[in-house]
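Written out below as structure tokens is the structure these notes cover.
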């Protein structure tokens, strides 16, 4: 008497990944890795120069008026410059004296993000290496730093450095806090920054004589919002 045993020879092969599927997975992984590496190197190591901000004619006119209030003589066309000089210099080219007065003088400094970057654009090299961003209570900066040719590995390359500074006003005092600095997208340890990260510089150093105390006592208000910086000075 015989018994029928299961026929293992007729069962299909176990299902798995074909060699073509494995090949495509390997190729996709290589492409993603190469792309990510290229983006990282292109963004942080071989960083391109920034494009300087150029204001429109109406924006430039507003900025020039602000600069005049601050005592600066912005560049203007030859005709406008001649007309302005008539009110500043006499016919013999000497500066016209005037009586000092604070009546009607503005104690506010208001600059937009575009205006700040346009001021940097006056120095073309600086404008291509530095860009400022203004958001709520935060001033951020991007800086391109060329590395000396003799420096190991990165010699001759350009590094991208970013940083953030909290700027606010509370309890009748300005608040200035370094939020961090990153190089090539890697945050720098606080120890390397001298322990200055996340410390209110005005509170820390404003009690002794020096810059931060004088700065604090002279500011009525300072405020940074999306795209704008506002500073009010005390009398």
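Read the figures in this text as sums done on the coordinates, not as results from a lab. Being a predicted model, the structure only gives us computed values, none of them experimental. A quick note on method: Cβ atoms are made from the backbone with ideal geometry, for glycine too, and the neighbour counts reach across all protein chains shown.
Hey, what's the Cα Rg ratio for segment 121-171 versus the globular rule of thumb, 2.2 N^0.38 Å?
Compared with the compact-globule rule of thumb, segment 121-171 sits at 1.52.
If I model a spin label at residue 183 and residue 223 as a point 7 Å from the Cα along the Cα→Cβ vector, what separation in nanometres do I get?
Distance between the two pseudo-spin positions: 3.8 nm.
Could I get the Rg over Rh figure for segment 175-235? Both from C-alpha atoms, Rh via Kirkwood, rounded to two places.
Across segment 175-235, the Cα-based Rg/Rh ratio is 1.06.
If I model a spin label as a point 7 Å beyond the Cα along the Cα-Cβ vector, how far apart are those points for residue 110 and residue 190 in nm?
So the label points at residue 110 and residue 190 sit 3.7 nm apart.
Could you calculate the FRET efficiency of residue 136 with residue 68 from 1/(1 + (r/R0)^6), where r is the beta carbon distance between them and R0 is 25 Å, rounded to 0.05?
0.30
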